[in-house]
Amino acid sequence: MRTLLLTLLLLLPGAPLSARPAPDFLIEVAGQSRSMVELSQQGPVYVDFWASWCGPCRRSFPFMNQLLKDFGPKGVTVVAINLDVDKADAAKFLEQFPADFPIVYDPEFSLADAYGVGGMPSSYLIQDGIIIQTHVGFRPKDAETTRATLENLINQRSGGSQ
């Protein structure tokens with residue numbers, strides 16, 4: 001099943017040429033600590049690495065809130081991983097750009113290193129523990145690609161109907 005999923009996912013728009021396993025981490029969701037890989041087995045997970053000094057992150061946060069609003073009821077989880085060394089910097093950013101999704105703090109860059117983050121923001125779309133799409137930066141075309149990929153994933157999971 002996993003091989004079939006990988007083959008199908010590589011055919012999706014915006015899919016990387018070679019899908020790879022996603023490094024796992026814990027997320028606090030609805031008061032419970034959950035594994036990202038476990039969540040991704042229940043539905044797609046959109047993971048975004050960001051920092052308070054990142055200009056494009058100011059545009060990505062409204063996008064992620066809208067993504068959660070549109071796709072959360074369909075099983076999509078959105079998680080943002082903050083890379084600020086000082087958590088107060090992240091808090092100031094979040095006052096201006098609130099998040100309707102969980103924030104994971106990674107001031108030591110251990111998750112960023114595990115994912116190979118090369119710029120801000122960097123996003124990863126994960127399904128069944130496999131990274132199926134990545135974007136560095138935030139551009140409207142990337143947002144459209146992510147939305148189309150999510151629609152395809154949701155249609156696949158529901159057998160073609162929503």
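Any residue at all in segment 5-15 that's more than 19 Å from residue 158 (Cα to Cα), in contact with a strand residue (DSSP E or B) (Cβ under 6 Å, 6 or more places away or on another chain) and at pLDDT below 95? Write out each step before concluding.
Residues of segment 5-15 more than 19 Å from residue 158 (Cα to Cα): 14-15.
Retained after the next criterion (residues that are in contact with a strand residue (DSSP E or B) (Cβ under 6 Å, 6 or more places away or on another chain)): 14-15.
Next, from what is left, pick out any that are at pLDDT below 95: 14-15.
Checked segment 5-15: at least one residue is more than 19 Å from residue 158 (Cα to Cα), in contact with a strand residue (DSSP E or B) (Cβ under 6 Å, 6 or more places away or on another chain) and at pLDDT below 95.
Listed here are the residues, each with its yes/no results for (1) crowded, with 17+ Cβ neighbours inside 10 Å; (2) on the phi < 0 side of the Ramachandran plot; (3) aromatic (Phe, Trp, Tyr).
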site	(1), (2), (3)
79	yes, yes, no
92	no, yes, no
95	no, yes, no
101	yes, yes, yes
110	no, yes, no
116	no, no, no
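Filter segment 16-30 down to the residues that are modelled with pLDDT under 85 and not in a strand (DSSP E or B) and list them by number.
Here is the first cut: in segment 16-30, the residues modelled with pLDDT under 85 are 16-19, 29-30.
Passing the criteria: 16, 17, 18, 19, 30.
Being among the β-branched types (Val, Ile, Thr), buried (at least 20 other Cβ atoms within 10 Å of the Cβ) and in contact with a Phe, Trp or Tyr (Cβ under 8 Å, 6 or more places away or on another chain) is the filter here; which residues of segment 135-158 pass it? Can you show your working first?
Applying the first criterion (among the β-branched types (Val, Ile, Thr)) to segment 135-158 yields 136, 145-146, 149, 154.
Among the residues that remain, those that are also buried (at least 20 other Cβ atoms within 10 Å of the Cβ) are: 146, 149.
The one that is among the β-branched types (Val, Ile, Thr), buried (at least 20 other Cβ atoms within 10 Å of the Cβ) and in contact with a Phe, Trp or Tyr (Cβ under 8 Å, 6 or more places away or on another chain): 146.
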Applying the selection to segment 91-138, what residues are of a type outside the set (S, T, N, Q) and over 18 Å from residue 51 (Cβ atoms)?
-> 100, 125, 126, 128, 129, 130, 131, 132
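The values are calculated or read from the model by the stated rules, or taken from the named source; none is laboratory data. Note that the coordinates shown come from a computational prediction; the quantities given were computed from them, not determined experimentally. Positions of Cβ are generated from backbone atoms using ideal geometry, with glycine treated the same way; all protein chains shown enter the neighbour counts.
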